[in-house]
């Protein structure tokens with residue numbers, strides 16, 4: 001089980017531009033700096049249960065979750081993740097990005113999206129350790145756990161949905177929902 005999660009975590013790394021950082025972070029996973037299910041603490045299990053409860057309670061709206069309180073592994077093969085990170089909650093790009101996501105909330109829910117935000121770099125959440133943002137960043141993680149897009153600027157809700165709609169998993173979902181399109 002551990003090698004599988006190592007591969008999932010390794011998939012979060014940008015392949016071309018940060019190869020040296022990727023090997024460092026993979027070493028962190030192997031050394032236990034980022035927790036895996038085998039060494040998950042009771043507190044982490046409780047947080048994962050709370051995140052799962054939040055999913056059940058708010059099926060009708062877009063979920064906005066704090067990166068410090070969520071285990072990303074719970075969403076693999078279930079939800080797509082839009083990650084919004086900044087150095088401070090008062091960052092204008094951070095607030096504009098969250099507002100852009102809220103404007104098209106129902107369309108993101110249709111695409112099985114959950115938003116995870118992190119504006120506290122001193123907490124060093126697992127996502128922040130893996131993605132290593134430099135200031136503001138928006139990233140999209142597909143259901144397979146792979147980072148498909150990341151950008152150091154605000155993206156409109158329409159642009160984010162266009163990126164998501166190009167994912168192979170999303171195209172397959174559309175074909176399954178509307179079989180006449182084959």
Considering every Cα-Cα pair within segment 42-181, what fraction, in whole percent, is farther apart than 28 Å? 14
Could you tell me what percent of the DSSP beta bridges with both partners in segment 42-181 are antiparallel, to the nearest 5? 45
Expressed in nanometres to one decimal, the distance between label points 7 Å along Cα→Cβ at residue 95 and residue 158 is 2.4
Test of understanding: ordering 161, 137 by Cβ neighbours within 10 Å, fewest first, what list do you get? 161, 137
Alpha-carbon centroids, segment 126-182 and segment 57-97: separation in whole Å: 13
Taking neighbour Cβ counts within 10 Å as the exposure measure, how do 163, 113 sort from fewest upward? 163, 113
When 65, 127 are ordered from fewest to most other Cβ atoms inside 10 Å of their Cβ, what list results? 65, 127
Each label sits 7 Å from Cα toward the beta-carbon; between residue 77 and residue 123 the label points are separated, in nm, by 2.9
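Rule-based calculations on the coordinates, nothing more; no lab input. Treat the numbers as computed from the prediction; the structure is a model and nothing was measured. For neighbour counting, all protein chains shown are included, and Cβ atoms are generated from backbone atoms with ideal geometry for every residue, glycine included.
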